[in-house]
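Visitor: Handing you this structure, nothing more for now.
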Amino acid sequence: MKKSLQTIALTALLVFAGCKEDSKETKTYTPEEIATASQAMNDWFQQEWDAEIALSPMFQTYLGDKTDYDKWDDMSKEAEEKSLERTKARLAYLKDSVDVSALDEATKLSYKLAVQQQEDEIADYKYRLYNYPINQMFGTHSQVPSFLINMHQITDKSDAEAYVARLNAVGPMFDQVIEGLKEREASGIVPPKFVFPRAIESCKNILTGLPFDSSKEPSALLGDFTSKLDRLELADDDKSTLLKNAEKALLNAVKPSYDKLVSFLEEQSERATTDHGAWKFPEGDAYFNNALARTTTTDMTSDEIHELGLAEVKRIHSEMTAIKDKVGFEGSLQDFFKFMKEDKQFYYPDTKAGREEYMETATKLIDSMKSRLDELFLRKPKADMIVKAVEPFREKSAGKAFYQAPALDGSRPGTYYANMYDIMAMPKYQMEALAYHEGIPGHHMERAMSQELENIPMFRKMGGYTAYTEGWGLYTEFIPKEMGLYSDPYSDFGRLAMELWRACRLVVDTGIHTKKWTREEGIKYYVDNTPNAESDAVKMVERHIVMPSQATAYKVGMNKILELRAKAKTQLDEKFDIREFHDVILVNGALPLNVLEDMVDEYISKKQRDKTEILD
């Protein structure tokens, strides 16, 4: 039988692995051997990626793959245990069967990241229950409608049938979620009291409208299915049958599943407490330190991050005071905050027209930045990006803005979502920074370009490190200032307000999880130190509580990128090119901050060598 190219390549890799085991000295390989071994390694990465994707129907859909279009992911304990065993097997293979010296530099980086990823996943397994699968921000209860509405495309009859099948399969998935919640409670991990009414309300919102009640308007899911069905060229009888089947699934599968989840949450809420920090968990301090290490990809302690936050808050307050004086405002910085919070000139009207105007302006900001990308980048993503309002069914609980990456197959553009629920939480003076961060040149450049990179494994294209991705997002709020944007001092104040918000996160996140700050103390810190609406402060603190450490990534990541840029500018002097620097940051996709620093150091050394060779 003729061997496939992959089999040949894998055989070659094992041959090189044998050389590693048989010789105490490092073998020198020819360019051809290195190319063969590197291809074999990348084939293995792809093989493992494909194996994992085959187990996740939801991620398949996210990627535009309709293989298991009628199924949901397995969320059981047994599935998690099997995942751990696969991770251990992959790590054993990487460490025991691969001769790293036989790989090219790009593949060595992939190897290094793969080993670290498997090691982290294994170490993190002991904390697998240290989360809240149902909370006020996200969870399976809100993921189901969001996923079907935003991810499940219907282009033919079979897609519509798969949509209905997924509606009918909600019950078993929710049963797995409830079992997971019970397992967590048995281990001493229960969300604080404030989470329950929000999550319960979110569940009930899904069951509002036809066919669940006598409303004239359809529910979010029925409305979505109907609108997608209407766009198909199908016989009326087929459309009628599909619509009836969807309504039946909503009533007989979706509604009972949500009712069961709500009943459990109502019961568990009676046993919940008002303790908010990770310190309340068994081995809570160890868990939070581990979470910080994963989030920041540094060895910074909670105290170090807390002190960094306090120092940054002080610096930014000083820069804001300078703007306050520049615009001629008389009063304290706190008075200026109050003015910025309350003066109607800084907000769109709390009307449909006001919200539409916000979205139109946000789109213009993105379009304007698109035209100037050549000033900052050597390459640009092929995928387009659109601006969209957060859907009504989740706008009350969703964050003020976020980004959704494009589909790999080009069927879905990147999307900057702006939340129009509370217009007073979306001031005009923060519009620019928010659009740059979530859209262009922020997450769209970083995420879409990563997905489009060639010659790197899929686990890197689709992977991420929060300190990198969010550090880049915050950094890209700053660079437009260097381009002459934020010309209005109030907009520059808005930029600083966004950075200040991230600095406060360092203080409050660590305050809640290691210093036993209460929810109310965290809210007060934001209200006292930022110009943001109190509703922002409430959402942020509650986010800290259900996502320990996550919000520390932004400022830590931004500071590292600025630190690396300053190093490159100092050492390269006139040879420094901001477009080249950004290429170094983006060309390998998401990286841990320590590895990112290695990449920048290599770039500096190469530029310096090139300069020396020219002089010689």
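The values are calculated or read from the model by the stated rules, or taken from the named source; none is laboratory data. Quantities reported herein were computed from a predicted structural model and do not represent experimental measurements. Note that each Cβ is placed from the backbone with ideal geometry, even for glycine, and that neighbours are counted across all protein chains shown.
Visitor: Counting only residues that are touching a helix residue (DSSP H, G or I) at 6+ places or on another chain (Cβ under 9 Å) and surrounded by fewer than 18 Cβ atoms within 10 Å (Cβ to Cβ), which one in segment 551-575 is farthest from Asp285 (Cα to Cα)?
Guide: Among those that are touching a helix residue (DSSP H, G or I) at 6+ places or on another chain (Cβ under 9 Å) and surrounded by fewer than 18 Cβ atoms within 10 Å (Cβ to Cβ), it is Lys575.
Visitor: If we scan segment 209-218, do we find a residue that is assigned to a helix (DSSP H, G or I) and more than 21 Å from Asp175 (Cα to Cα)?
Guide: Narrowing segment 209-218 to residues assigned to a helix (DSSP H, G or I): none.
No: zero hits.
Results for (1) in the same structural domain as Pro218 (by TED's automatic domain parsing); (2) not charged (D, E, K, R), shown as yes or no for each residue.
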| residue | (1), (2) |
| --- | --- |
| Ile134 | no, yes |
| Ile149 | yes, yes |
| Gln153 | yes, yes |
| Asp156 | yes, no |
| Val164 | yes, yes |
| Ala169 | yes, yes |
| Leu181 | yes, yes |
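Visitor: When you scan segment 129-200 for helices (runs of 4 or more DSSP H) that lie fully inside it, which ones turn up with 1 or more residues that are closer than 18 Å to Lys396 by Cα and modelled with pLDDT of 95 or more?
Guide: Numbers: elements: 140-150, 157-168, 170-186.
Because the criterion is at least 1 residues that are closer than 18 Å to Lys396 by Cα and modelled with pLDDT of 95 or more, the helices (runs of 4 or more DSSP H) in segment 129-200 that meet it are 140-150.
Visitor: So which of Lys380, Lys326 ends up being surrounded by 14 or more Cβ atoms within 10 Å (Cβ to Cβ), on the phi < 0 side of the Ramachandran plot and not polar (S, T, N, Q)? Show your work before the answer.
Guide: Numbers: Lys326 fails: surrounded by 14 or more Cβ atoms within 10 Å (Cβ to Cβ).
Just a single option satisfies the conditions, and that option is Lys380.
Visitor: Out of curiosity, is Asp492 touching a Phe, Trp or Tyr at 6+ places or on another chain (Cβ under 7 Å), in the same structural domain as Ala311 (by TED's automatic domain parsing) and among the acidic types (Asp, Glu)? Full working, then the answer.
Guide: Values: touching a Phe, Trp or Tyr at 6+ places or on another chain (Cβ under 7 Å): yes; in the same structural domain as Ala311 (by TED's automatic domain parsing): yes; among the acidic types (Asp, Glu): yes.
Yes: the conditions hold for Asp492.
Quick grid of which residues meet (1) touching a residue at least 40 places away in the same chain (Cβ under 8 Å); (2) outside the structural domain of Val538 (by TED's automatic domain parsing); (3) surrounded by 18 or more Cβ atoms within 10 Å (Cβ to Cβ):
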| position | (1), (2), (3) |
| --- | --- |
| Pro218 | no, yes, yes |
| Asp224 | yes, yes, yes |
| Ala235 | no, yes, no |
| Lys239 | no, yes, no |
| Ser263 | no, yes, no |
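Yes or no, residue by residue, for (1) on the phi < 0 side of the Ramachandran plot; (2) surrounded by fewer than 24 Cβ atoms within 10 Å (Cβ to Cβ); (3) among the acidic types (Asp, Glu):
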position	(1), (2), (3)
Phe402	yes, yes, no
Pro413	yes, yes, no
Tyr416	yes, no, no
Asp422	yes, yes, yes
Ala425	yes, yes, no
Leu434	yes, yes, no
Gly442	yes, no, no
Met445	yes, no, no
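Visitor: Checking the condition surrounded by 21 or more Cβ atoms within 10 Å (Cβ to Cβ), modelled with pLDDT of 95 or more and of a type in the set (Val, Ile, Thr), which residue from Ile578, Ile545 passes? Explain how you work it out, then say what you get.
Guide: Numbers: Ile578 fails: surrounded by 21 or more Cβ atoms within 10 Å (Cβ to Cβ).
From the options Ile578, Ile545, the qualifying one is Ile545.
Visitor: Would you be able to say whether some residue in segment 88-104 is under 26 Å from the mean Cα position of the chain (by Cα) and closer than 30 Å to Lys182 by Cα?
Guide: Within segment 88-104, one or more residues are under 26 Å from the mean Cα position of the chain (by Cα) and closer than 30 Å to Lys182 by Cα.
Visitor: Of everything in segment 516-534, what is part of a helix (DSSP H, G or I) and more than 25 Å from the chain's Cα centre (by Cα)? Give them in sequence order.
Guide: Initial filter on segment 516-534 (part of a helix (DSSP H, G or I)): 519-529, 534.
Within segment 516-534, Glu520, Glu521, Lys524, Tyr525, Val527, Asp528, Asn529 qualify.
Visitor: Same structure, new question: Is it the case that segment 342-351 has a residue that's outside any loop (DSSP other than H, G, I, E, B), hydroxyl-bearing (Ser, Thr, Tyr) and modelled with pLDDT of 95 or more?
Guide: Within segment 342-351, the subset outside any loop (DSSP other than H, G, I, E, B) is 342, 344-346.
When the remaining residues are screened for being hydroxyl-bearing (Ser, Thr, Tyr), the result is none.
Checking segment 342-351: not a single residue is outside any loop (DSSP other than H, G, I, E, B), hydroxyl-bearing (Ser, Thr, Tyr) and modelled with pLDDT of 95 or more.
Visitor: Please give the number of the condition Ser318 fails out of (1) touching an Asp or Glu at 6+ places or on another chain (Cβ under 8 Å); (2) of a type in the set (Ser, Thr, Tyr); (3) within 20 Å of Pro489 (Cα to Cα).
Guide: (1)
Visitor: Return the pair list, or none, for Cβ contacts closer than 7 Å from residues in segment 155-177 that are basic (Lys, Arg) to residues that are at pLDDT 95 or above and part of a helix (DSSP H, G or I), at least 6 apart or on different chains.
Guide: Pairs found: Lys157/Asp238; Arg166/Leu148.
Visitor: For segment 364-376, does any single residue satisfy the condition of being of a type in the set (Ser, Thr, Tyr), free of Cβ contacts under 8 Å to residues at least 40 places away in the same chain, surrounded by fewer than 17 Cβ atoms within 10 Å (Cβ to Cβ) and in a helix (DSSP H, G or I)?
Guide: yes
Visitor: Could you grab me the full set of residues in segment 292-329 that are in a loop (DSSP other than H, G, I, E, B) and in contact with a helix residue (DSSP H, G or I) (Cβ under 9 Å, 6 or more places away or on another chain)?
Guide: Quick first cut of segment 292-329, residues in a loop (DSSP other than H, G, I, E, B) only: 297-301, 327-329.
Within segment 292-329, Thr297, Thr298, Asp299, Met300, Thr301, Val327, Phe329 qualify.
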